[in-house]
Structures are given as C-alpha cells and as structure tokens.
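Scroll down for the structure; my scribbles are underneath it.
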Amino acid sequence: MIINLQVSYTDNTSKEITAKAADIVAFEERFDISMANLQNEVRLTHLLFLAWHAEKRSSATKAEFDKWVETVETIEAVDPKK
C-alpha cells in the first residue's frame, strides 16, 4: 500500500510525499488504528504523521514530529503523479 500526500510548507514550497509500508506500520503502531479504518476517522494528525514519518525515514528531515508540523501549511491525500 502506498499513500501519496501533497504537503505545502510555510516557506511557500510544496512536495509530494509517498508513504510506504514502513510508514503505515509506524502509523498503526503509534495510533493503534488499522489503515483499513482510516477512511472512517481520518484526522489531519494522521496524514501529517504519515508524511513526517516518510520524510524522516528517507532522511529528508531530521526534525521531530511537532517541530516538523510547525513548518506545514496544508496537507492532502492525492493521486500519484503520472
């Protein structure tokens, strides 16, 4: 399973981030929610965590979650780029 997220930052940049299996496992462990149930109760915190974890895993950020969130303006799930 792959989830694509479009993140716009407070510095007026944006980036498409791909959350992969490792990010999804970390999400399920942190929130004790199955990805299968996410559609019923999606929160911005969930999307932000997935994006942050993908960035942390790929060494695109060294910031901890709360500090990284302070740099985000908006986030949304998107279809993958073709």
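Below, the figures for the structure above:
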item	result
Tilt relative to the chain, helix 44-57 - C-alpha long axis, 0 to 90 degrees, to 10	70
Sequence of D32, D23, D66 when ordered by accessible area, the most exposed leading, probe 1.4 angstrom	D32, D66, D23
Relative contact order of the range 21-69, defined on C-alpha pairs under 8 angstrom at six or more residues apart (%)	35
Of all DSSP beta bridges in the chain, antiparallel share, percent nearest 5	100
Cα-based equivalent ellipsoid of the chain: semi-axis lengths in Å, sorted from largest, via gyration tensor	19, 14, 12
Accessible area (Å², 1.4 Å probe, nearest 10) - S8	40
Cleavage-rule hits, GluC sites (Glu not before Pro), the range 19-62, DSSP coil, Cβ neighbours within 10 Å at most 13	E41
Heavy-atom SASA rank of M1, M35 (probe 1.4 Å, accessible area, largest first)	M1, M35
Local net charge near K62, Cβ-Cβ under 10 Å (Lys/Arg +1, Asp/Glu -1)	0
Accessible area of R30 in the full protein assembly, 1.4 Å probe (Å², nearest 10)	130
Positive minus negative residues near V7 (Lys, Arg vs Asp, Glu; Cβ under 9 Å)	-3
C-alpha long axis of helix 21-31 to longest principal axis of the chain, angle in °	80
Surrounding net charge for A26, when Lys and Arg each add one and Asp and Glu each subtract one, Cβ distance under 10 Å	0
The chain: relative contact order in percent, alpha carbon pairs under 8 Å with at least 6 residues between	43
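The values are calculated or read from the model by the stated rules, or taken from the named source; none is laboratory data. No experiment lies behind these values; they were computed from the predicted model shown. So basically every Cβ, Gly included, is an ideal-geometry build from the backbone, and we count neighbours across all protein chains shown. Keep in mind that these areas ignore ligands, DNA and RNA; they rest on the heavy atoms of the full protein, side chains included. Shrake-Rupley method; radii C 1.70, N 1.55, O 1.52, S 1.80 Å.
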